[in-house]
Every structure is written in structure tokens, then in C-alpha cells.
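Novice: First the structure, then my questions, so here it is.
The values are calculated or read from the model by the stated rules, or taken from the named source; none is laboratory data. Because the structure is predicted, anything quoted here is derived from the model rather than measured. Every residue, glycine among them, receives a Cβ derived from its backbone with ideal geometry; neighbour counts consider all protein chains shown.
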Amino acid sequence: MTRQYRAYLVGENGVFRAAEAFEAPSDISALAYAQQFARRGDVEVWQLGRKIGSLRGPRPHEA
């Protein structure tokens, strides 16, 4: 059985910039799937109204 999830790309100001809906059999597999979106920035993964976790995107090198 799969569940519906959403991966939200979070902008620098904390506002969601984009969302991707997908299905996964578990929370762990949903986080693994959403990892691909973290290449573009921070991501929050949700299953309905339940936050599953946050994934940190790449950070620019600090001078």
C-alpha cells in the first residue's frame, strides 16, 4: 500500500517555492525519494498534515 506525499522546496525566506506530489510505501522511502529535490535547496516532506522531515540542500561555500 502506498501513501500520498508532497515534497516542498523551501526558499531562502522560508516560503514554499514549489511542490512535487508522489507516492511511497513508507515515510523512510518518501524521504529517500525526496532527496533528489534537495539538490535545488531545502525540502520539507509532508504526508497530508503530518510533517515527515526536512532535508537540507547544498550550501554555498562561506568566504
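Novice: Which of the residues belonging to region 34-63 are in contact (Cβ under 8 Å) with a residue 12 or more places away in the chain and in a loop (DSSP other than H, G, I, E, B)?
Specialist: Within region 34-63, Gly41, Leu48, Arg56, Gly57, Pro58 meet the criteria.
Novice: Another question, then. When only residues in region 1-25 that are surrounded by 11 or more Cβ atoms within 10 Å (Cβ to Cβ) and in contact with a Pro (Cβ under 8 Å, 6 or more places away or on another chain) count, which is modelled with the highest pLDDT?
Specialist: So the residue we want is Arg3.
Novice: Turning to a different aspect of this structure: Restricting attention to region 23-33, does a residue exist that is out of contact with any His (no Cβ under 8 Å at 6 or more places or on another chain) and in a strand (DSSP E or B)? Can you show your working first?
Specialist: Initially, region 23-33 is screened for residues out of contact with any His (no Cβ under 8 Å at 6 or more places or on another chain), giving 23-33.
Imposing the further condition that a residue be in a strand (DSSP E or B) reduces the set to 23-24.
Yes: region 23-33 contains one or more residues that are out of contact with any His (no Cβ under 8 Å at 6 or more places or on another chain) and in a strand (DSSP E or B).
Novice: What residue, among those in region 26-44 that are of a type in the set (D, E, K, R) and closer than 14 Å to Gly11 by Cβ, is surrounded by the most Cβ atoms within 10 Å (Cβ to Cβ)?
Specialist: Filtering region 26-44 for residues of a type in the set (D, E, K, R) gives 27, 39-40, 42, 44.
Then drop every residue that is not closer than 14 Å to Gly11 by Cβ, which leaves 40, 42, 44.
Working: Arg40: 12, Asp42: 19, Glu44: 17.
If we take residues in region 26-44 being of a type in the set (D, E, K, R) and closer than 14 Å to Gly11 by Cβ, then Asp42 is surrounded by the most Cβ atoms within 10 Å (Cβ to Cβ).
Novice: Exactly one condition in (1) of a type in the set (Lys, Arg); (2) within 11 Å of the chain's Cα centre (by Cα); (3) exposed (fewer than 15 other Cβ atoms within 10 Å of the Cβ); (4) at pLDDT 95 or above is not met by Arg50; state its number.
Specialist: (2)
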